[in-house]
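Down below is the structure, laid out as structure tokens.
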Amino acid sequence: MGAPKHPRKKSPPRAGNGACPQKAPKQNYFSTLMQTEEGRKLRQEWSRKKRKNPGRPRGVPDGYRKAQIEPIRAKIRKEATEIVKIMAEKFEIESEYAKEALTTAVEVMRVPGETRERLAAARLVLDFTKQKPASKSEVAVSKAEDFLASLIEDDGSETKSSS
């Protein structure tokens, strides 16, 4: 094949210095600011200044804004008071402090948030309402003793009837 007879025609260079404006070096505001003494002082002041509204308010779970979680909490607070009234009647809870603690625990348990907090609240509610089961070894021993006693009684009644 070989070299072409006539070389390819090229467009003339652009007017100006020939550089592409898109490839011009970027100038970061803060890096140019740090080049002067006044700029460094200004940057230092900005860094030390306390932020006006830094992030999510305390007590607001991930994925919610304060305005979104407030109505949910109000609704759940009403439900929690109704639930505790029913529990107080059923389990005969008379102490106002116990009712208040139970209301708070039910509320924390039902509001979306940290799983650890919700589990701790659920455990507290169960402690208030349900008795902890007796250890299984005692139950098994007593059942075995009752079983043996019933066998002895059955044997005693059979021997008396057969004689």
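The values are calculated or read from the model by the stated rules, or taken from the named source; none is laboratory data. A quick note: this is a predicted structure, and the numbers were derived from the prediction, not measured. Don't worry about glycine lacking a Cβ; one is built from the backbone with ideal geometry, like all the others, and counts go over all protein chains shown.
General remarks:
- The set of residues from region 94-128 being of a type in the set (S, T, N, Q) and in a helix (DSSP H, G or I) comprises THR103, THR104, THR115.
- Boolean, GLY59 is under 28 Å from THR129 (Cα atoms) and under 21 Å from the mean Cα position of the chain (by Cα): yes
- Options ARG40, ARG51: the member that is among the charged types (D, E, K, R) and outside any loop (DSSP other than H, G, I, E, B): ARG40
- Considering residues of region 128-156 that are closer than 30 Å to SER95 by Cβ and basic (Lys, Arg) only, the residue modelled with the lowest pLDDT: LYS132
- Annotation note: Cβ proximity below 7 Å between a residue of region 66-95 that is without any contact (Cβ under 8 Å) to a residue 60 or more places away in the chain and aromatic (Phe, Trp, Tyr) and a residue that is in a helix (DSSP H, G or I) and surrounded by fewer than 17 Cβ atoms within 10 Å (Cβ to Cβ) (sequence gap 6+ or interchain) occurs for PHE91/THR129.
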